[in-house]
Structures are given as C-alpha cells and as structure tokens.
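Engineer: Take a look at this one; I'll ask things after.
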Amino acid sequence: MIEYFAIFPPIVAFIIAFLFGKQLGDKMVELITCAGVITAAFCSCALFVDVVLGSDPRTVTVMNWISSGTLVADWALRMDQLAVVMMCVVTIVSSCVHVYSTAYMHEDKSLARFMSYLSLFTFAMLMLVTADNLIQLFFGWEGVGVASYLLIGFWNHKDSANAAAIKAFLVNRVGDFGLALGIFACFMLFDSVQFDVLFANAEALKDARFNFFGFDLPALTTTCLLLFIGAMGKSAQLGLHTWLPDAMEGPTPVSALIHAATMVTAGVFLVARMSPVFEYAPDALMVVCIVGACTAFVAATIGLTQFDIKRVIAYSTMSQLGYMFFALGVSAYGAAIFHLMTHAFFKALLFLGAGSVIHALHHEQDMRNMGGVWKKIPATYVMMWIGSLALCGVPFFAGYYSKDIILESAFADHTSFGMFAYWMGIMAAFMTAFYSGRLLFMTFHGKPRMDHHTFDHAHESPPAMLTPLVILTVGALFAGALGYEGFVGGSRAGGHETETHVTQELEVEHTIEAPVLKEQDHGLELNRFMFWGDSIKVLPENDTVEGAHHVPEWVKLLPTFAGVLGLFLSWLFYSRYTGLPAKVVSTFKGIHALFFRKWYFDEAYDVVFVKNALRAGVLFWKSDKNIVDGVGPDGVAARSLNIGTALRKFQTGYVFHYAFVMLVGVIGFISWFFYKFGGV
C-alpha cells in the first residue's frame, strides 16, 4: 500500500486543484497540493529504507494495460534501488518547490492553476522513474514534457514565455522521435518492451545486426544511440540544448523544479536504467561520453558571460548534466546518479535562492543592477554561498564528493575518450567556480547598482520561502558525505582491495544483492554492490568506479585546485580589481562574442531550420492555394460560374431564342446519333 501513497497523491492533488481550485480558494489548494507531494516524499523515504537498506526490491502491478499479440505492457511500479533513489530526490525537491511557491506566487491570480501544474509535473516524473517497461516510461516522459510546456508558458500574457514554451516543446519532440524509434527497435529486437526481458537477453544480442533505413548496422549500438537521442533532448545535451536557458521565462519555482531534479535528469535516469543494454554497446557509450564532455565544456563557457542570474544557473545545470553523461559513458552509472542526487539539492538551492534575491529586488534579474545586498538578505546570502561552494566542488560540500568521483572515473577508464572527458571536465570545473564566484560577487558584494528605492526596500524572504532553502542547504552540506559509500564507495573504505577480492568475499557471504552492513577495519560500511543490487549493471572490466579509488593523487587533487583557483580569480575580477573584466572583454572580443552569443547555436538553427521551415510553409501554402484549390474546388466553382453566366444569356424571355436553342440541341443530338451509329 505504501507504494501507492508514494506515487498517487500528487495526481489526486492535481485533479482536485485543477477542477475545483476556484471553489476551494488559494489557501485550500496550497494545502492540498503541498500535502500530496509531502506525503509522497515521506513514503518515498520509507521505501528507500525498505528497498535499499532492507534489501526488498519489488514490482507492484497496478493494472493490465496493453495486450496485443506479443506486445504486453502492464502499468506496474518497479520499486528497485535506482527507482526509489530517484523518487526520493524528485519528491523532496518538489516538496520544497511547492512550499516555496505558496509565498513566491501568492500575488498571482492563477495560483491554483500553478500549484496544480506542479503536482501534475511531479506525478509524471514519478510515473517515469517507476516504469517497468518502455511504453510506461514513454508516457511518463511525454507527461513531463506536457507539464513543462504548461509551466514554462504559465505567464502566457508574455510573448517571450509563450515562445519559450513552444521552443521547449518542439526541441524535445526532436529527441522524443529518437526515443520512439529506440523503443520500436527494442521491440523488434527483443519482441518485448519489458525491462526484465530486455536486460536478460541483451548479452545474447550483442553481435546482432539489423537493417535501419537501408543500412546494415549493429543492432544494440543503433538502438542505444536512438534512446540516447531522446535523453539528449530531455537533458539538454549539446545540439538539443537551446530550449533550456529560454525556459527561464517561467516562474522561478518552475526553473528550480525543471532544472534541479526532475525533467532534465530524466535522460540520465534513462541511460542508467538501460545500463544492462548499454554495457554491450561500447560504441554507444563512447558517443554518450564525448557528447557529455562537450556539453559540460560549452555550457560552462556560455555561463561565464551571462548577466541574467537565472540563466547563469541554467547553463550551470546544462554543464553539470554533461558531467553526468560522460560518467554514464565510462560506465560509472553509480557516480552519475550520485551527482544527480547531490546536484538536485544544491541546484534547487541556487535557483530558489536566486528567486529570493529576485523577490527582494522587486523582480530584478540582471546582475549588473544588483550588488551590495548581502546585509539586506543575510540568510539568503549565506545559503547561496553554500550552494555555490557545493557546485564548485569545494571540500567538503556535497558536490566535492560527486563531481570528483566522476572525474576520477573518467581518468580510470584509460581510454582516449575517457581522458578527453577528464580534461574537459577539469576545464569546466575551473569555469564553473569562476562564474559561480562572479554571480556571488556581482549579486551580493560591492556597491549597490540599483536605484535607492529598490535597495532601501529590499528585505529578506518570508519563512515559507526560507524553510525550503534550509532543507536544501542541509542536503548541499551533507548529502555527498552521507551517500558516498553507498553510491560509489570502494571495495573497502580507504582501502585498496581489488574488485575480485570483494566479489569473492560477497559470494562467500552470499550477500551480493543484499545491502547489509558488515564489520570491517574501518567500521560499518554499506558496499555499493549491495546498495545498487541488480538495478544497475556494470561489466567487471568496465568498473571505472572501482578504478577511480586507485588513480594517482594528482588526479584527485586537480579538480579541487581548479575550483579554488576559479573562485580566487572571480574575487580578483569582480571584487578586488573590478576593471579587469572590461579589459579582458576588449582584448578577446571574438571569443567573448562567441561565448556571449551562445556559440551561435540559435542563429545557426534559425538559418538552417526555422527560416527554411517558414519558406517551405509559404511554398506549400501557395501550392495549396494556386494548384490544389485553384484546380480543385475553387476551379470547379469558377468554371461552373462561367458556364452559368454563359447560359444566362439565353434566358431572355423571347420564344425565338428558346426555339433556336432547342433546334441547336436537336441538330446536335442527331449529329451525335449518326456519328455513333451511322456505320451499323
């Protein structure tokens, strides 16, 4: 029963708030929607204890759904370790966003509709992460897309919000088309869409080939690449990322919900869920790694130059998603989900903290019009520093543990693309620290750059906004240290055991799938093999997380050095010597323009796709008007009118005119008769 209470309260809250919001009033809607998602959060945490710590994964069938020939897809809730980790992250962050929204959006006349959309979004994400088959996952996937469209365009009186919502919807459709093809390919290969069937037969089909658009291609690699295209769209990887910064047009709680723990992490979850298939498609993993590394680097360069406080954090999200994907690409699935979890806390903290700043400064979002407000909003100031330090990977905040294990895993992969990802990640780590410090110094330090009225009336946010920030701050401080051993710990904490030795020890104890605590030299430890159970599969030769614990010391220290150096330089540029940024921009105008214009992706897409689509639309419209309509209904109608006009001339009322027409008709009939039958 607890499984149902972990999934369905948000959808019940959505239905009540959406249909009866006006009758119930804003306060009652706030209570219902917040209660629904908080209930789901508590039940998800209880399931975490039961499934992960108690070693009790299970699948609960809700109803029989599709049964057509060999295509069988039930609506079932897959409650394994990966699913419950995602459920906890989604519901905890969503609960914070719900409570925060009650204060942030309290003046909005459509508050009930907004709260209902948040609950719908949460339910769709829970549907996605608990899916037991690809079709159910696809429905949750599309549900998240629809809810994000509604939330991004919530302020539909703004043209920019409408355009951003449409852009997000369309760009994601490109990725979703790839995902749909991947699902079709899975059914063709495995004759099933059930995860258990796919995972059990992946190894047997690792050498299979099929015909795809006339090409003879490796089946598993092609299928995994198609699934990855879907992940690229939802998780804003390079090429399908342009919707992400524009999504900032939605209210700030939407930005936190979409960019922290839900929509954008769906692609990471998909690849991790399909790890038993991806493990037998090494070429697909290589593509995942390279795309992720490039995304991390490019997004970080753009974040260096933006001035909208929410867009800086948005590009940070895109960069951190790149880290998660290149971790997946080197088979460090546990590290990717670990960073997903820690990132959810500190990124939601940063977005909601930015919302607190915007709230204090009367909806000002341009950092050039901020400065010197730390005394006005000291609580927000402290928590924004904590979130930023976690993002920068400073010891011993949450991001330090998860980001470093990703970089170490990439190095431990000992492949050219793994090494490429490591160095791209190091450069991205330096830039992340620099633009995080830039955001803090421009926003909170220095002299106020806004008008006196705005500065004088700046004030700290109400408790309903600060309380969620405190909860997320706790996660940003401690989630990394608490989760490290279970998510990505070595064979022995602080030791140098080999994986073979651990596997033998586990086999002797018969606990390879049981997440029990066992006594070792360093105390009680939850081994990661026990933590994840069968929810993630890594081939022994691909276990880069194990190798990450044995890389050279400089490999472990370099990310921290890059982060500290980035923060120090940001202090020099934006606090100590404030004239330096202008000098650097004037010296490197071309590079700055490239970064500031977002590598010209939007301009290129506008030229290649948007304008050509408009030209094609105009062409087809004219063809439809001049050819189809001209020859078809309009043409027939015009000819009928012409004939009618000609015949009307004979309707004069004179008998001799009618006699003449009759005579012509008789002659015509006789002529036709003799022509047709004259030879008989």
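Engineer: Can you tell me which condition Phe396 does not meet? The list is (1) buried (at least 23 other Cβ atoms within 10 Å of the Cβ); (2) assigned to a loop (DSSP other than H, G, I, E, B), and all the others hold.
Structural biologist: (1)
Engineer: Any residue that is crowded, with 24+ Cβ neighbours inside 10 Å, within 21 Å of Met127 (Cα to Cα) and not basic (Lys, Arg) - is there at least one of those in the stretch 235-252?
Structural biologist: yes
Engineer: If we scan the stretch 329-347, do we find a residue that is closer than 22 Å to Glu546 by Cα, aromatic (Phe, Trp, Tyr) and crowded, with 21+ Cβ neighbours inside 10 Å?
Structural biologist: So far as the stretch 329-347 goes, yes, one or more of its residues are closer than 22 Å to Glu546 by Cα, aromatic (Phe, Trp, Tyr) and crowded, with 21+ Cβ neighbours inside 10 Å.
Engineer: Report every pair of residues separated by at least 6 positions or lying on different chains whose Cβ atoms are under 8 Å apart, first residue within the stretch 548-560 and in a helix (DSSP H, G or I), second surrounded by fewer than 17 Cβ atoms within 10 Å (Cβ to Cβ) and of a type outside the set (Phe, Trp, Tyr).
Structural biologist: Thr560/Pro395
Engineer: Please find, among Leu557, Leu572, Leu565, the residue that is open to solvent by less than 50 Å² (accessible area, probe 1.4 Å) and at pLDDT 50 or above.
Structural biologist: Going through Leu557, Leu572, Leu565 in turn, the sole match is Leu572.
Engineer: Name the pairs whose Cβ atoms lie under 7 Å apart, with the first residue in the stretch 127-149 and surrounded by fewer than 24 Cβ atoms within 10 Å (Cβ to Cβ), the second small (Gly, Ala, Ser) and outside any helix (DSSP H, G or I), and 6 or more positions between them or separate chains?
Structural biologist: Ile135/Ala73; Gly140/Ala131
Engineer: Oh, and also: Sort out for me the helices (runs of 4 or more DSSP H) sitting completely within the stretch 575-622 that have 1 or more residues that are farther than 19 Å from Val174 by Cβ and more than 31 Å from the chain's Cα centre (by Cα).
Structural biologist: 580-587, 589-596
Engineer: Can I ask one more? State whether the residues of the stretch 213-223 include one that is open to solvent by less than 50 Å² (accessible area, probe 1.4 Å), modelled with pLDDT under 90 and either farther than 29 Å from Met79 by Cβ or touching a His at 6+ places or on another chain (Cβ under 7 Å) (or both).
Structural biologist: No: zero hits.
Engineer: Okay, moving on. Which is part of a helix (DSSP H, G or I), at pLDDT below 90 and touching a His at 6+ places or on another chain (Cβ under 9 Å), of Thr503, Thr454?
Structural biologist: Step by step, each of Thr503, Thr454 is checked, and only Thr454 is part of a helix (DSSP H, G or I), at pLDDT below 90 and touching a His at 6+ places or on another chain (Cβ under 9 Å).
Engineer: Can I ask one more? Just checking, which of Arg113, Arg78 is within 22 Å of the chain's Cα centre (by Cα) and in contact (Cβ under 8 Å) with a residue 40 or more places away in the chain?
Structural biologist: From the options Arg113, Arg78, the qualifying one is Arg78.
Engineer: Within the stretch 175-193, is even one residue over 21 Å from Thr222 (Cβ atoms) and either out of contact with any His (no Cβ under 9 Å at 6 or more places or on another chain) or open to solvent by 10 Å² or more (accessible area, probe 1.4 Å) (or both)?
Structural biologist: No, that holds for no residue.
Engineer: Among the numbered criteria (1) surrounded by fewer than 24 Cβ atoms within 10 Å (Cβ to Cβ); (2) in a helix (DSSP H, G or I); (3) of a type in the set (D, E, K, R), which one does Lys403 miss?
Structural biologist: Result: Lys403 passes all but (1).
Engineer: Among the residues of the stretch 415-451, which ones are in a loop (DSSP other than H, G, I, E, B) and either basic (Lys, Arg) or in contact with a Gly (Cβ under 8 Å, 6 or more places away or on another chain) (or both)?
Structural biologist: Those that are in a loop (DSSP other than H, G, I, E, B) and either basic (Lys, Arg) or in contact with a Gly (Cβ under 8 Å, 6 or more places away or on another chain) (or both): His445, Gly446, Lys447, Pro448, Arg449, Met450.
Engineer: A further question follows. Could you give me the residue pairs with C-beta distances under 8 Å whose first residue belongs to the stretch 440-452 and is polar (S, T, N, Q), whose second residue is in a helix (DSSP H, G or I) and buried (at least 19 other Cβ atoms within 10 Å of the Cβ) wherever it lies, and which are 6+ apart or on separate chains?
Structural biologist: As it stands, the answer is Thr443/Ile309; Thr443/Val357; Thr443/Met367; Thr443/Met384, since those pairs meet every condition given.
Engineer: Got a number for residues in the stretch 358-388 being touching a residue at least 60 places away in the same chain (Cβ under 8 Å), over 22 Å from Ala464 (Cα atoms) and either surrounded by fewer than 18 Cβ atoms within 10 Å (Cβ to Cβ) or of a type in the set (A, V, I, L, M, F, W, C) (or both)?
Structural biologist: Residues meeting the conditions: 5.
Engineer: Determine which member of the set Asp50, Asp108, Asp74 is part of a loop (DSSP other than H, G, I, E, B) and open to solvent by 30 Å² or more (accessible area, probe 1.4 Å).
Structural biologist: Asp108
Engineer: Right, next: Looking only at the stretch 427-448, filter to residues that are of a type in the set (Phe, Trp, Tyr) and more than 14 Å from Leu350 (Cα to Cα); which one of those is most open to solvent (accessible area, probe 1.4 Å)?
Structural biologist: Phe430
Engineer: Given the residues Arg597, Arg615, Arg639, Arg648, which is the only one that is within 30 Å of Val585 (Cβ to Cβ) and open to solvent by 90 Å² or more (accessible area, probe 1.4 Å)?
Structural biologist: That would be Arg597, the only listed residue that is within 30 Å of Val585 (Cβ to Cβ) and open to solvent by 90 Å² or more (accessible area, probe 1.4 Å).
Engineer: So, one more: Hey, among Phe154, Phe114, Phe210, which residue is open to solvent by less than 10 Å² (accessible area, probe 1.4 Å), over 28 Å from Leu82 (Cβ atoms) and outside any helix (DSSP H, G or I)?
Structural biologist: Just one listed residue meets the conditions, Phe154.
Engineer: Only one residue in Phe14, Phe20, Phe5 is open to solvent by less than 50 Å² (accessible area, probe 1.4 Å), hydrophobic (A, V, I, L, M, F, W, C) and either part of a helix (DSSP H, G or I) or under 27 Å from Gly533 (Cα atoms) (or both), so which one is that?
Structural biologist: Phe14
The values are calculated or read from the model by the stated rules, or taken from the named source; none is laboratory data. In this text the structure is predicted, and so the values were computed from the model without any measurement. Because the Cβ atoms are built from the backbone with ideal geometry, glycine has one as well, and the counts that use them run over all protein chains shown. These accessible areas exclude ligands, DNA and RNA; they are computed on the full protein's heavy atoms, side chains included. Shrake-Rupley method; radii C 1.70, N 1.55, O 1.52, S 1.80 Å.
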